[in-house]
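Please treat every number below as a calculation from the coordinates, not as lab data. In this text, all values refer to a predicted model and were calculated from it rather than measured experimentally. Glycine gets a Cβ as well: all are built from the backbone with ideal geometry, and neighbour counts include every protein chain shown.
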Amino acid sequence: MRLTTVIFPALLALAGAPQALAAVTMHVSSTLQDRTTQMDVTLADSYMAVDTSQGRVIYDFKTHRRFAVNTAAKEYVEYSLFDTLGFRVVEMQNRVGLQGMLAAAKIDVPVMNMAVQENELSLLNGAPGAIDEKVEGGTRSYSIGGVKLAAWSDAGAKVAAGDAAQFARFMRYAEGGHPQLLDKLAKGGVIPAHISLFISGDRTARLDISAVRTVEPQAYDLKGYQREMSTSGLDALFDRIVAMKPAQVTAFRAQYPCDSGADFNEPHALDAILGQLECSLSTGAPMSLTEEQKEAVKASPTVGLLLAAINPTKGNEIEGAVKTLVALRVQAPRKAYVLKIFEANHRARMKQLKEAERLFTEVLQVNPVLVGAYKDLGDVLLMQYDSPRAWRSWDTGRRLAQGFANFEAVNKFEAGMVAQHPEYF
């Protein structure tokens, strides 16, 4: 069972991992409409974990990793901690952009309330709003701009400041909540016995928190558990490579050496130039051609078609470029799959995302060390809101070739999240 849809982290307390400085355990019953989830939560200094009936997941804040554990099968899958916040950042941008487009088009739709969006995504967009706090009957209610967002009880368990901050981080990942209100929760020194979050659609998420205890920290480890190994599709690619040790990665890459060919004359010119492109996208090294090869490339009509199809100058030329790339496959008997990289990127621009994903998968099944394809595939997966596999794709590419220039945008995105949203990390 692959626990990609489990949204709650979980405890795996076994011997052998670095010790936490403190730990708090509690039971949380979370109800949204007619669905209730029971959670046993552990908050430590460097990790956060929860047990549910669906399995166990560990959030490790030191390594920025998340482990979804299938306890029955003794297996786990490793994910990036960035995929949760990364999705929310992109989703917030999408919602703000959509609202702007609707307003520009003068379409009569209800205005999106930003405080509501911030409450759902646990992410602030722009300047903080003014919080209105009301206390009545032992309950504190909070609203921004007249919109009620949350309420929690005065009653609860008093905890150390660091533990209260960790509880607020649990809320960010597992339940949501407006970032300004979670900041208040983090500084309050109390884990409330009851919390209500008011979300869109007149829905209320209610949390009942009990059995809060400060305990001796327990170590966690994955010894005794194996990585889950898929047998097909993208996950099979990711699972195989992420399980490799550095020496195994080196040996694996050596199984797919650059194979560009030296004959740049027709009818071999297209295969030769595609081999050069493949090598560059696998190693990050720039293409290197002799003067004689450059002249042969200039004289090749098929290479001319390729170069024009790779870089169409106008948006309305993309569909024609795709047709050209498909037609060129028969003229590249050895390297036709490389053409699919460029076709996939064009199809992504045409919003044919599933087709683009399929093409990238086919490419990587032929050459699984084609590092640049993992970057583009991750972009396509994120466009489909599949942030866990988007980061798995990017992490796989970076594991194969550290420092690969194509991933610089991803590296900056992650660094920006850590700098701008330290409360998540």
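Of S280, S393, S232, which has the largest mean-square fluctuation in a 10 Å C-alpha GNM of the chain?
S232
Determine the dipole magnitude for the chain: charges of +1 sit on the beta-carbon of Lys and Arg, -1 on that of Asp and Glu, nothing else is charged, the reference point is the Cα centre, and the result goes in debye to the nearest 20.
Value, rounded to 20: 160 debye.
If the chain between T214 and K412 were fully stretched, how many nm would it gain, using 0.36 nm times the residue separation less the Cα-Cα distance?
67.5 nm
Output ³J(HN,Hα) for segment 215-220: one whole-Hz value per residue in order, computed from phi by the Karplus curve 6.51 cos²θ - 1.76 cosθ + 1.60 with θ = phi - 60°, and x for Gly and Pro.
Running phi through 6.51 cos²θ - 1.76 cosθ + 1.60 with θ = phi - 60° gives 10, 5, x, 10, 7, 10 Hz.
List the trypsin sites (Lys or Arg not before Pro) in segment 193-254 that DSSP assigns to loop (not H, G, I, E or B) and whose Cβ has at most 12 other Cβ atoms within 10 Å. Which are they?
Passing both the DSSP loop test and the Cβ count: K223.
Computed from the coordinates I sent, Rg and Dmax of the Cα atoms in Å equals one of (i) 25.5, 86; (ii) 26.6, 110; (iii) 21.4, 65. Tell me the label.
(i)
For K298, which aspartates and glutamates qualify as cross-link partners when the Cα separation must be under 12 Å and same-chain residues fewer than eight apart are set aside?
E266
Taking the Cβ-Cβ separation of F252 and M350 as r and a Förster radius of 35 Å, what is the calculated FRET efficiency to the nearest 0.05?
Taking R0 as 35 Å, the efficiency between F252 and M350 is 0.55.
What is the distance, in nm, between label points placed 7 Å from the Cα along the Cα-to-Cβ direction at A285 and at E362?
2.9 nm
Under a point spin-label approximation (7 Å from Cα along Cα-to-Cβ), what is the S53-Q420 distance to one decimal in nm?
Each label point is offset 7 Å from its Cα along the Cβ direction, giving 3.9 nm.
Can you list the lysines whose alpha carbon is less than 16 Å from that of K158, not counting same-chain residues fewer than 8 positions off?
K184, K187
Can you give the FRET efficiency for A243 and K184, using 1/(1 + (r/R0)^6), R0 = 56 Å, r = Cβ-Cβ distance, to the nearest 0.05?
The computed FRET efficiency comes out at 0.85.
Among D208, D51, D83, which one shows the highest mean-square fluctuation when the chain is modelled as a Gaussian network with alpha-carbon springs under 10 Å?
D208
For a quick check, take a GNM of the chain with Cα springs below 10 Å and name the residue from D132, D60, D202 with the largest mean-square fluctuation.
Sorting by GNM fluctuation, first place goes to D202.
I need the trypsin sites (Lys or Arg not before Pro) found in segment 52-118, filtered to DSSP loop residues with at most 16 other beta carbons within 10 Å of theirs.
K62, K74, K106
Specify whether the C-alpha gyration tensor of segment 85-211 places it in the rounded, prolate or oblate class, a ≥ b ≥ c being the square roots of the eigenvalues: rounded for a/c under 1.5, otherwise prolate if a/b is larger than b/c and oblate if not.
Prolate.
Excluding same-chain pairs closer than 8 in sequence, count the lysine pairs in segment 301-375 whose Cα atoms lie under 19 Å apart.
Within segment 301-375, the lysine pair count is 11.
Lysines near K74 by alpha-carbon distance under 19 Å, same-chain residues fewer than 8 away left out - which ones?
Partners within reach: K223.
Just report the Cα centroid separation between segment 74-99 and segment 378-401, whole Å.
The distance from the Cα centre of segment 74-99 to that of segment 378-401 comes to 11 Å.
Please give the Cα centre distance for segment 114-186 versus segment 23-67, rounded to the nearest Å.
Each part reduced to its Cα centre gives a spacing of 19 Å.
Given the Cα-Cα distance of E295 and N316 and 0.36 nm per residue of separation, how much length would full extension add, in nm?
4.5 nm
Starting from the Cα-Cα distance between N265 and K223, subtract it from 0.36 nm times their residue separation and give me the gain in nm to one decimal.
Answer, rounded to one decimal: 9.5 nm.
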